[in-house]
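Please read the structure below before turning to the comments.
What follows is calculated from the coordinates using simple rules that are stated; it is not laboratory data. All figures in this text were calculated on a predicted structure; none of them were measured in a lab. Don't worry about glycine lacking a Cβ; one is built from the backbone with ideal geometry, like all the others, and counts go over all protein chains shown.
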Amino acid sequence: MTSQRYQISARRHAIRAPMTTLVTTNRVGGHVDETVTLQGWLYNKRSSGKLHFLEVRDGFGVVQCVMSKKDVGEEVFQQAAELTQESSLAVTGRVTAHPKRSGVYELQAESFALIALTDGPYPISPKSHGTEFLMDHRHLWLRSKRQHAALRVRHTIVRAIRDYFDQRDFTLVDAPVFTPSACEGTSTLFMTDYHGVPAYLTQSGQLYMEAGAAALGKVYCFGPTFRAEKSKTRRHLAEFWMVEPEVAFLELDGVMDLAEDFLCAVVERVLEDRRPELETLERDQAKLEAVRKPFVRMTYTEAVGAIQAARASADDSSCPGDGALRWGDDFGADDETVLSVQHDRPVMVHRYPAAVKAFYMKRDPADERLALGVDVLAPEGYGEIIGGGQREDDLAVLDRAIAEHGLPQKDFEWYRDLRRYGTFPHGGFGLGLERMVAWICGLSHLRETIPFPRMLNRLGP
């Protein structure tokens, strides 16, 4: 972009900007004492006597443009006074270093070109707005500094995820969105008509990754998944993104090692690349810096004991939940919170009761009641961000599990073939991207972790 030359003739109050170098706000620091042009939208404006302070955002950041009446003349100065929030414009001026803030730059405006005034007052003003109003205007809310920062962090997490697996000999294998059967039961699936045949929007690409691992050894998929639970909690979306690696000849301990190393690498990447955005989000970065190997690993049985002990020794305000957790119960959000707040890094809980896990989980040979699975709970009460484990590789055991879960065996013939023709130990996990973004950004609700969230009773904008 910096090599482009810029000239614009605007609609309404058209003022021609001289031929200059067009730069973005994140690159202005490389053009100190040069005359450049910024193209963007008016984020904020204030005036002080014969000065206008125009904050211009362009998707890369915000730069203050200082306009003096004596430099631009009465007419241009008055036209700048008529600018409204989010009007699109181009400002030309000389880049200077901020007199008091190191690493911050300003533009000493010499001229500007109006591209378009807003059509009436901008709906999102500095005053406080309710959540429903902001969600109804999500397409505009994305322009705010906090939402902009969260999406930048999300982008970096996505890049870090792909880089992590790509640099370790994993092959990306895209899983289908339409599936003929459920991998964890049909009660949480969106059903659709597929040319006269019932089909479902995928809730996981894992079964297909098992086929990919048999062909390519180390694979992953990364795409949208769907859950139809009628839930309104802060931890649920109807549409979300998952990354699901699967590795041939990997057993439970290896799955936990992979998940641990992976999470540390992603957090480290965000700290390297997105500290300014984390500051905008007011995230306590020291808590992210504490995410180091090794993570605490405990069995489900040990975790139940730790949760029960914490509740027995704490008052209700510091230990959420009704305290009725018993061995054999799946963990709820409150149970995960009680456990995770005891540690400064993720907690890995393994060997849950098989009865609360999916049909494809391999049983623990040391205790048939248990599944060789693991959940990774993020600290600070953010709950489960990874679920995974070792898959059942014995066809006879798998067939019994399919029957016990009431699933139609005919829908899994292709999956059974993976055990018929060269069965092998294998394992992997799934990470929910939005839960990862919420934890790293310190956001309280998943609705701010994805550009356009889909939730119960919300299908727009």
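Observations
- Filter on Lys230/Lys287; Lys45/Lys145; Lys45/Lys70; Lys230/Lys357; Lys100/Lys287; Lys232/Lys362 - keep pairs with C-alpha separation over 22 Å: Lys230/Lys287; Lys100/Lys287; Lys232/Lys362
- Debye intensity ratio in log₁₀ form over the Cα atoms of the stretch 5-116, taken at each q of 0.10, 0.12 Å⁻¹: -0.23, -0.34
- Helix runs (DSSP H) in the chain reaching 15 Å along axis by Cα, Kyte-Doolittle at least -0.5: 252-273, 300-312
- Gain on full stretching of the segment that runs from Glu55 to Trp327 - 0.36 nm per residue minus C-alpha separation: 92.2 nm
- Nitroxide proxy distance, nm - points 7 Å out along Cα→Cβ at Val62 and Ala265: 3.6
- Diagonalising the gyration tensor over the Cα atoms of the chain and scaling each eigenvalue by 5 before taking the square root yields semi-axes of 51, 24, 21 Å, largest first.
- Selection among Gly305, Met361, Ser340 by position relative to the dipole of the stretch 136-448 gives Ser340 as farthest towards the positive end (Cβ unit charges, Cα centre).
- The stretch 5-116: antiparallel DSSP beta bridges as a percent of all, rounded to 5: 80
- Orientation-averaged projection of the stretch 244-283 equals 3.6 nm² [convex hull of Cα atoms, one quarter of hull surface area].
- Per-pair calculated FRET efficiency, R0 = 25 Å: Ala314 and Ser444 via Cβ, rounded to 0.05: 0.70
- Each Lys or Arg adds one and each Asp or Glu subtracts one; over the other residues with Cβ under 9 Å from the Cβ of Gln409, this totals -1.
- Full extension of the chain between Asp253 and His405 yields a length gain of 52.1 nm, computed as 0.36 nm times the residue separation minus the alpha carbon distance.
- The stretch 48-206: Cα Rg divided by the 2.2 N^0.38 Å rule of thumb: 1.62
- Equivalent ellipsoid dimensions for the stretch 213-364 as semi-axes, Å, which come from the Cα gyration tensor, largest first: 26, 24, 18
- Segment Val356-Asn26, extension gain: residue separation times 0.36 nm, minus the distance between their alpha carbons: 113.9 nm
- Per residue, the convex hull spanned by the alpha carbons of the stretch 338-461 comes to 163 Å³.
- Calculated FRET value between Tyr122 and Thr171, using beta carbons and R₀ = 45 Å, to 0.05: 0.45
- DSSP finds beta bridges in the chain, and of those with both partners inside it, around 85 percent are antiparallel.
- FRET efficiency, 1/(1 + (r/R0)^6) with R0 56 Å, evaluated for Ala396 and Asp273 via beta carbons: 0.70
- Simple spin-label estimate for Arg292 and Arg454 gives 4.2 nm between the two label positions (7 Å along the Cα-to-Cβ direction from each Cα).
- This model, with +1 at the C-beta of Lys and Arg and -1 at the C-beta of Asp and Glu, gives the stretch 137-200 a dipole about its Cα centre of some 760 debye.
- Cross-link partners for Lys410 among the aspartates and glutamates, with Cα-Cα distance under 20 Å and sequence neighbours closer than 8 places in the same chain left out: Glu184, Asp193, Glu210, Glu392, Asp393, Asp394, Asp399.
- Centroid-to-centroid separation of the stretch 250-285 and the stretch 371-423 [C-alpha atoms, Å]: 26
- Counted charge near Met209, where neighbours are those whose Cβ lies closer than 13 Å (Asp, Glu -1; Lys, Arg +1): -2
- Net charge over other residues, Cβ less than 13 angstrom from the Cβ of Met256 (K, R count +1; D, E count -1): -3
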